[in-house]
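Student: Next up is a structure, given as structure tokens.
The values are calculated or read from the model by the stated rules, or taken from the named source; none is laboratory data. Everything numeric in this text was worked out from a predicted model, so none of it was measured. Please note: Cβ atoms are built from the backbone with ideal geometry, for glycine as well, and neighbour counts cover all protein chains shown. The area values use the complete protein model at the heavy-atom level, side chains included, leaving out ligands, DNA and RNA. Shrake-Rupley method; radii C 1.70, N 1.55, O 1.52, S 1.80 Å.
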Amino acid sequence: MSGVRGPIGAPRTMADGKAGRARVAVLISGRGSNMAALVYAAKQADCPFEIVLVASNNPEAAGLQLAEAEGIPTFAHSHKGMKRADYDRLIDAAIRRAGATHVALAGYMRLLSPEFVEGWQGRMLNIHPSLLPRYKGLDTHQRALDAGDRVAGCSVHVVTAELDDGPVLGQTEVAILDGDTAQTLADRILIAEHQLYGRVLAAFVGGPANPALLLERVRAIALALPVASEKMSHGVPAFAAAGKMFLYFRNNHHGDGMVSICVKTTGREEQEMLIDTDPDLYSWPSYIGPSGWIAMRLDRRDLDWDHVADRILTSWRHAAPRAISALL
Ligand code: GAR
């Protein structure tokens, strides 16, 4: 069974949402109580995120009904009988149609394909009922009890290719009581989860941009291009195509207060056009030679990464040997 309900059929833009708020798609497989906690957190006027989609691999997930009642578009499609990568492409398309800028996994009990993880790199969080790095995977509560731990808890982390790995952004410790069972412990940890997730997500999307995560994402885009390599140049990570630079990554370069990249354009006319069209995004790069370089800001909440990838590709084309560039 599959179904799309709510206004997610048409492509959406940032303008559809409340100005400046991150647009979060929440993925669930069942009860969805963490999703509900995020939905209620987003109702506060000062919350820096809104929930634009609740999607599930389980059309019977109880959380879907709650999301619908709250007026949130839902997407439900069973993964059964589908290859992981095919299924993930389907759910990825629904998330992108909803105009999401971030993904929050909330009891989403499916392993994700590398392509899906890659596509949301640095923009996907997960909540896990243990104090990571302890007890990755399932049965976390029983494993904590079996180990004789006195403290358990929950963690929110950035999702990377490894299961329940990736930088931990926040944790809450929960004391283990004499006589606790896996169930009583899980019930108490769940209370802590509900408090933790919204706060960490808000800090993540609303706080200052994390340069390390931005660099990770830029690097993934750049190094996926043929003949691309990375080295340090003038103290910043730089990327070259067959030895010719096409991208510099800068974090507060000479105190300019921005996380940005410098990419190549066709020259003066294009530089001026870009800066005129979006002066918040583009600027003249400081401390870099003439000939077509432009600075592109990355520390914007509503950054369109497809656009960043296009710019990086265009810049790569300026640098790559023609025979190789023609292959793409
Ligand atoms: C939560 O305890 C969450 O931490 C856990 O599943 C439960 C979902 O409950 N997630 C994992 O174990 C992921 N590895 P919910 O559907 O009521 O939010």
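Student: How much of the DSSP beta bridge set in the chain is antiparallel, as a percent to the nearest 5?
Tutor: 70 percent
Student: Just want to confirm a number: the relative contact order over the range 252-300, from Cα pairs under 8 angstrom separated by 6+ residues, in percent.
Tutor: Relative contact order, the range 252-300: 47 percent.
Student: I'd like to know which of Thr184, Phe239, Ala152 lies farthest towards the positive end of the charge dipole of the range 128-239, counting +1 on Cβ of Lys and Arg and -1 on Cβ of Asp and Glu.
Tutor: Farthest towards the positive pole: Phe239.
Student: Right, something else. I'd like the accessible area for His79: 1.4 Å probe, protein heavy atoms, all chains in place, Å² to the nearest 10.
Tutor: 50 Å²
Student: How much space per residue, in cubic angstrom, does the convex hull of the C-alpha atoms of the range 59-213 take up?
Tutor: 134 Å³
Student: Right, another one. Could you state the number of Å between the C-alpha centres of the range 106-153 and the range 165-191?
Tutor: That distance is 12 Å.
Student: Out of Pro129, His77, Cys47, whose Cα points farthest toward the positive end of the dipole of the chain (charges: +1 Lys, Arg; -1 Asp, Glu; placed on Cβ)?
Tutor: Comparing the listed Cα positions along the dipole, His77 ranks first.
Student: With no solvent and one equal point scatterer per Cα, compute the Debye intensity ratio I(q)/I(0) for the range 13-100 at 0.13, 0.18, 0.20, 0.26 Å⁻¹ and report its log10, rounded to two decimals.
Tutor: Ignoring solvent entirely, the Cα scatterers give -0.41, -0.76, -0.91, -1.31.
Student: Calculate the translational D of the chain in whole µm² s⁻¹ from Stokes-Einstein, where the hydrodynamic radius comes from the Kirkwood formula applied to all Cα pairs, the temperature is 10 °C and the viscosity 1.306 mPa s.
Tutor: D, rounded to a whole number, is 74 µm²/s.
Student: Lysine pairs in the chain with Cα distance under 18 Å, only those 8 or more apart or on different chains: how many are there?
Tutor: Close lysine pairs found across the chain: 4.
Student: In addition: Taking the Cα atoms only, what angle lies between the long axis of helix 182-206 and the longest principal axis of the chain, rounded to 10 degrees?
Tutor: Once rounded, the angle reads 20 degrees.
Student: Per residue, how much accessible area does the chain show when a 1.4 Å probe rolls over the protein heavy atoms, in square angstrom?
Tutor: 48 Å²
Student: How big is the Kirkwood radius of the range 56-136, worked out from every pair of different alpha carbons and given in Å to one decimal?
Tutor: The answer is 13.9 Å.
Student: Report, in degrees rounded to the nearest 10, the 0 to 90 angle that the Cα long axis of helix 305-319 makes with the longest principal axis of the chain.
Tutor: Around 30 degrees separate the two axes.
Student: What do you get for trypsin sites (Lys or Arg not before Pro) in the range 140-241 restricted to DSSP loop and a cutoff of at most 14 other Cβ within 10 Å of the site's Cβ?
Tutor: For trypsin sites (Lys or Arg not before Pro) across the range 140-241 that sit outside H, G, I, E and B with at most 14 neighbouring Cβ atoms in 10 Å, the list reads Arg150.
Student: Further question: What is the dipole size for the chain, taken about its Cα centre, with +1 at each Lys and Arg Cβ and -1 at each Asp and Glu Cβ, in debye to the nearest 20?
Tutor: Here the size comes out at about 600 debye.
Student: Shifting gears a bit: Could you work out how far the C-alpha centroid of the range 43-85 sits from that of the range 219-266, in angstrom?
Tutor: With the range 43-85 and the range 219-266 each reduced to a Cα centre, they are spaced 37 Å.
Student: OK, next. Just the Cα atoms of the range 197-328, one point each, no solvent: what log10 I(q)/I(0) does Debye give at q = 0.09 Å⁻¹?
Tutor: Debye curve over Cα of the range 197-328, log10 I(q)/I(0) at q = 0.09 Å⁻¹: -0.26.
Student: Another question, then. Give me the percent of the accessible area of the range 143-185 that comes from carbon and sulfur atoms, probe 1.4 Å, all protein chains in place.
Tutor: Of all accessible area on the range 143-185, carbon and sulfur atoms account for 51 percent.
Student: May I pose another question? Compute the angle between helix 268-277 and the longest alpha-carbon principal axis of the chain, please, reported from 0 to 90 degrees and rounded to the nearest 10.
Tutor: Relative to the chain, helix 268-277 is tipped by roughly 40 degrees.
Student: Can I ask one more? In percent, what relative contact order does the chain have, based on Cα pairs under 8 Å that are 6 or more apart in sequence?
Tutor: 13 percent
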